[in-house]
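Trainee: What follows is a structure written as structure tokens; I'll ask about it next.
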Amino acid sequence: MYKVKVFVTLRESVLDPQGKAVTHSLNSLNYHEVTDVRIGKYMELTIEKSERNIDEVVNEICTKLLANPVIEDYRYEVEEVVAQ
Amino acid sequence: MKFAVIVFPGSNCDVDMYHAIKDELGEEVEYVWHDAESLDEYDGILLPGGFSYGDYLRSGAIARFSRVMQEVVKAAEAGKPVLGVCNGFQILLEAGLLPGAMRRNESLSFICKPVDLVVQNNQTMFTGEYQPNQTISIPVAHGEGNYYCDEETLAALKANHQIVFTYRNNPNGSLADIAGIVNEKGNVLGMMPHPERAVDVLLGSADGLKLFQSIVKTWREAHVVNA
């Protein structure tokens, strides 16, 4: 079995209105060293082993549903775990 | 002409859409649940606003995989008019029936108010009853209507006259003031403003009614002898 951590973020070229608001908020809290915040999503997937390659499955899931390739990028980490 | 109003779990403008078609436009209309396996009996497909599947993950992302969406794609390919309003527009984007994607409004606020739109293209099956560059008043009600596409897509939208409505005073940060676009073929329209909420002067504006009348007129000219 696999535990897969998926991180979805807005593409660099896409303005992130939420991130901008949080940057301003941090600056107003006197954290002037914070120059940028990008907000994204974090998802944990539990996936059973199958005959298919895990990377192939995860990439398919990400491009089909978890991320919108028009505005978002994704990356992921796979950890193999023993089934409970 | 017979319309289908597609109802997803979380749709909430379906009743307004139904009312606009039945009572104001005076055409046939039925609600169609998201798991329907055929839209063959309908001449026009309407995807209403709301929060399908709670807007989980992204607006429209889950609704896009509903069973009925396969039929919406078929209807679009067959050249039937397909109109997506607000969440309906977001679903059409997620389904790839229209190019681009929606971001959170620039202000991060949910914006609910009447806005002025400019009819950029009145040569579509949805806008034939409007004058070129006419300004119309239609309400918006959304938190994610900040349209985005890459430069190449924007250039194509402009070249093919696919930008149908623009905001006179951009409320949400939308790229190129875009409020509504059609597909290349011109039979799929997505728009964030709600024409179904502007079909009676009693409610502030009847400017949306012409959109539905345009659809019916185009359909009659193609399907009814001696129309």
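The values are calculated or read from the model by the stated rules, or taken from the named source; none is laboratory data. Every value quoted in this text rests on a predicted model; they were computed, and no experiment measured them. Cβ placement follows ideal geometry from the backbone for every residue including glycine, while neighbour counts extend to all protein chains displayed. The area values use the complete protein model at the heavy-atom level, side chains included, leaving out ligands, DNA and RNA. Shrake-Rupley method; radii C 1.70, N 1.55, O 1.52, S 1.80 Å.
Trainee: Taking A:Thr63 as meeting all but one of (1) within 18 Å of A:Pro17 (Cα to Cα); (2) of a type in the set (Val, Ile, Thr); (3) within 14 Å of chain B (Cβ to nearest Cβ), write down the number of the exception.
Mentor: Checking A:Thr63 against (1) within 18 Å of A:Pro17 (Cα to Cα); (2) of a type in the set (Val, Ile, Thr); (3) within 14 Å of chain B (Cβ to nearest Cβ), the one that fails is (1).
Trainee: While we're here: Consider region B:58-79. How many of its residues are within 14 Å of chain A (Cβ to nearest Cβ), over 30 Å from A:Glu12 (Cβ atoms) and not in a loop (DSSP other than H, G, I, E, B)?
Mentor: Result for region B:58-79: 1.
Trainee: Same structure again: List every residue pair whose Cβ atoms lie under 7 Å apart, where the two residues are 6 or more positions apart in sequence or sit on different chains, the first residue falls within region A:6-22 and is touching a residue at least 40 places away in the same chain (Cβ under 8 Å), and the second residue, located anywhere, is assigned to a helix (DSSP H, G or I) and buried (at least 16 other Cβ atoms within 10 Å of the Cβ).
Mentor: A:Val6/A:Cys62; A:Val6/A:Leu66; A:Val8/A:Leu66
Results for (1) at positive phi; (2) open to solvent by 50 Å² or more (accessible area, probe 1.4 Å); (3) without any contact (Cβ under 8 Å) to a residue 24 or more places away in the chain; (4) not aliphatic (A, V, I, L, M), shown as yes or no for each residue.
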site: B:Phe110; (1), (2), (3), (4): no, yes, no, yes
site: B:Asn122; (1), (2), (3), (4): no, no, yes, yes
site: B:Asn160; (1), (2), (3), (4): no, yes, no, yes
site: B:Val164; (1), (2), (3), (4): no, no, no, no
site: B:Tyr167; (1), (2), (3), (4): no, no, no, yes
site: B:Ile181; (1), (2), (3), (4): no, no, no, no
site: B:Gly190; (1), (2), (3), (4): no, no, no, yes
site: B:Leu211; (1), (2), (3), (4): no, no, no, no
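Trainee: Looking only at residues in region A:21-38 that are open to solvent by 90 Å² or more (accessible area, probe 1.4 Å) and charged (D, E, K, R), which one is farthest from B:Glu144 (Cα to Cα)?
Mentor: A:Glu33
Trainee: Any residue that is open to solvent by 20 Å² or more (accessible area, probe 1.4 Å), more than 14 Å from chain A (Cβ to nearest Cβ) and either assigned to a loop (DSSP other than H, G, I, E, B) or at positive phi (or both) - is there at least one of those in region B:80-101?
Mentor: yes
Trainee: Let me ask something additional. Could you check region B:102-119 and list, in sequence order, the residues that are more than 13 Å from chain A (Cβ to nearest Cβ) and of a type in the set (A, V, I, L, M)?
Mentor: Matches in region B:102-119: B:Val115, B:Leu117, B:Val118, B:Val119.
Trainee: Of the conditions (1) in contact (Cβ under 8 Å) with a residue 60 or more places away in the chain; (2) in contact with a Leu (Cβ under 8 Å, 6 or more places away or on another chain); (3) within 14 Å of chain A (Cβ to nearest Cβ), B:Ile138 fails just one. Which one is it?
Mentor: So B:Ile138 meets the others, but not (3).
Trainee: What residue, of B:Val118, B:Val29, is surrounded by 20 or more Cβ atoms within 10 Å (Cβ to Cβ), among the β-branched types (Val, Ile, Thr) and at negative phi?
Mentor: B:Val29
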